[in-house]
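Quick notes on the structure that follows.
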Amino acid sequence: MSLSLSVPAASLLHGAIDTESEKGGWVRPVRFAPAQLRAIGSVRAWHPGYYRQLAACTTGVTLEFETDATRVSIECRLGEPPRGTRSVLADVERAPRAPQPPYDGVSADVDGRHLPLMLPNEESRIELYLEDPAAAPEHGLVRLPGMGEPHHVRVWLPCLTPCSVRSVSADGTYLDPVPARDQLLVLGDSIAQGYVSCDPGLSWTALLADHLGLDLVNQGIGGQVFQPGSLAGLAPLVRPAAVIVEFGENYRFEPCQASLVIRDIRTYLYEVAEAFPDVPTWVLTRPAHLEDAYPTHPRSCAGEVDAMIRMMAAAHPQMRVVEAASLLDSERLGELLADGCDHPGPAGQRMMAERLSFVMDATRESAEMRRARALDLAEKGGNAAFPLAECLRRGLGEVLLADEGAVILELTTGARLVMGPGRSRVRRALSCLGAGERVTMVCGGRSLAREVARATGGHARACHVVRWPGGAPDLDPSLDIRVLTSAYEGAIRESYSHAEYLAPGELEEALDAGKYLGAFSQGRLVGFVGEHAEGAMGALEVLEGHRREGWGTALVAAQVARTLELGQVPWGEVWPDNAASLALEKRMGFAIGPSSEFWVIA
């Protein structure tokens, strides 16, 4: 059957900023605005020549159309792979568990069915047969033009080489372009560009865009870092519904100064926020890597980059930080990183897409909306969920997830509170969001605590929650109890029996906020009580020589009064084997919850 229908390929492009005309009617899709190309090729870029080559690649660009044809032919010719592409693929070929070539080409989705990787033939054509073999007509039957089933076709152009297209021919009666959708804009380095997905339609960025129902505009450039000025001219040419920023890995290969890098991160994220002020933006920390093939340069500041990213992204309300190292299983990096270094292979690409999809779905709403939903769920959880609900009422931390299956709140110290009737949902959340840096407090039963302990690699320990039941306590006005300032930091650290419980910066922050009270006898500090990051009263310590004089009761009563004045519910955490504290709180009138409902995982 003849391919009598033909349309210009340029009319079917998605994910390209523009096109550049070539001889003979060929066009090359362009991913970057002219001002961007000038910036990445300027002296301000780390490797301008390298960036210009890789910017010419067509990653994320597609041809998308609907047709009643059974056969389609696409005029497509590939350019020479850039030097940067060749060097990475050479590493892949040397890796012991590398995927087999080819590592790039053209692929297609037909009615949601993914076709294998293809390369143009000698006539610079890609031939597609659109009928699903599993649903083919009987042998010998041929559909006439106009009688075929309608098909939705998306053709993915290569990730790692330049590519030009000319026409798309078909044997049907129509071949119509699919209207452009809103976009997922990806700003990143070689990991974003698609090394080593082995299929442009199965890169993590392509899979993520498909999950979100968005067109993909992929501005990944191998070797790139946070480069101020490299977004120039982009904003008027795109309409993103979501933005991904993925840089940071390339700082480890070269000497770099932290003061200059943090300036660049600050400026670049400011430019992203200025260009897309109302667009939800997910900023990834450094992805997972292996040191074997290319160890981190001894004068690199890469170890500080994650903290810089978190700090600079926090300045912009529309930005959410993603712990990118959690997007791949750490114990499986040898098989997930195709080059044995830092580029995910096909299985790693799928895992990154699945986990980042989860994170984006969980955090797409504003922080305020997530908090409101989390508080509603926690309040429905009753007494067992009281610690989480009280944290939310006080405005503490950031809600990472809030749905019927799980609620996860992360505090500024890195500690987390978790509630979840669905253990599988909690397990999934912790694998995608990361296990966390410090302790995890679980509101729920033993089975949930064990699930969290397995996910975080910690040990579950039961803990009582004690809660003040109501009215103001009796205070002895003759006792000298004052709010402590930062001047007492050293004295507290020296005297506190469990200073190891304090996260870095936690004590300083609490003192600055007036959350520690001190007891004084004849002008000398004899005891203190404070408040932990989750709002629980704690750090109660009476110095030796002044115990059994009533200072413990007086300090707790004063802290209860202070908390009540703020309109908050006083509460605390007590280990079951801390008989002295339990006796004190029972004597004072605290309600003591069962230890089976609250757990600390560390």
Can you say what percent of the DSSP beta bridges in the chain, counting only those with both residues inside, are antiparallel? Round to 5.
75 percent
Jot down the radius of gyration and Dmax of region 414-526, Cα atoms only, both in angstrom.
18.9, 57
Any number yet on Rg/Rh for the chain, C-alpha, Kirkwood?
1.08
In whole Hz, the Karplus estimates of ³J(HN,Hα) for region 354-361 (6.51, -1.76, 1.60; θ = phi - 60°; x where Gly or Pro) are 5, 6, 5, 4, 4, 4, 5, 4
Between Glu379 and Glu127, what is the spin-label point distance in nm, taking each point 7 Å from the Cα along the Cα→C-beta axis?
6.6 nm
Given a 1.4 angstrom probe, I'd like the percentage of the accessible area of the chain that is carbon and sulfur, rounded to a whole number.
52 percent
Shape call for region 322-427 from the C-alpha gyration tensor, a ≥ b ≥ c root eigenvalues: rounded (a/c under 1.5), prolate (a/b greater than b/c) or oblate?
prolate
Using the heavy atoms of the protein chains and a 1.4 angstrom probe, tell me the accessible area per residue for the chain in square angstrom.
43 Å²
If you put +1 on each Lys and Arg Cβ and -1 on each Asp and Glu Cβ, how big is the dipole of region 54-103 around its Cα centre, in Debye rounded to 20?
380 debye
Helix-only [θ]222 nm of the chain, DSSP H runs n ≥ 4, -39500 (n - 2.57) each, per residue, nearest 500:
-8500 deg cm²/dmol
Over the chain, what relative contact order in percent results from Cα pairs under 8 Å that are six or more residues apart?
12 percent
Show me the GluC sites (Glu not before Pro) within region 350-413 that DSSP assigns to loop and that have at most 16 other Cβ atoms within 10 Å of their Cβ.
Glu365, Glu404
Taking a ≥ b ≥ c as the square roots of the eigenvalues of the Cα gyration tensor, with a/c under 1.5 meaning rounded and otherwise prolate when a/b exceeds b/c and oblate if not, region 281-320 is oblate
Give me the extension gain from Arg454 to Ala487: residue separation times 0.36 nm, minus the current Cα-Cα distance, reported in nm with one decimal.
7.8 nm
Identify the GluC sites (Glu not before Pro) of region 77-130 meeting these criteria: DSSP loop state and at most 13 other C-beta atoms within 10 Å of the C-beta.
Glu122, Glu123
From the backbone phi of region 6-13, what are the Karplus-calculated ³J(HN,Hα) couplings (6.51 cos²θ - 1.76 cosθ + 1.60, θ = phi - 60°) in whole Hz, Gly and Pro given as x?
9, 10, x, 4, 4, 6, 10, 6
Charges at C-beta only: +1 for Lys and Arg, -1 for Asp and Glu. How large is the resulting dipole of the chain about its Cα centre, in Debye rounded to 20?
720 debye
Rounded to one decimal in nm, the spacing of the 7 Å Cα→Cβ label points at Asp18 and Asp329 is 4.6 nm
Within straight-line cross-link reach of Lys515, lysines at Cα separation under 28 Å, skipping those fewer than 8 residues along the same chain
Lys586
Sparse-neighbourhood loop hits (GluC sites (Glu not before Pro), region 243-318; DSSP loop; Cβ within 10 Å at most 16 others) -> Glu291
Along the charge dipole of region 561-602, pointing to its positive end and built from +1/-1 on Cβ of Lys, Arg, Asp and Glu, which listed residue (Leu584, Val600, Gln568) has its Cα farthest out?
Leu584
Identify all aspartates and glutamates with a Cα-Cα distance to Lys380 below 16 Å; exclude those on the same chain that are fewer than 8 residues away in sequence.
Glu390, Asp403, Glu404, Glu597
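The values are calculated or read from the model by the stated rules, or taken from the named source; none is laboratory data. Quantities reported herein were computed from a predicted structural model and do not represent experimental measurements. So basically every Cβ, Gly included, is an ideal-geometry build from the backbone, and we count neighbours across all protein chains shown. All accessible areas refer to the heavy atoms of the entire protein, side chains included, with ligands and DNA or RNA removed. Shrake-Rupley method; radii C 1.70, N 1.55, O 1.52, S 1.80 Å.
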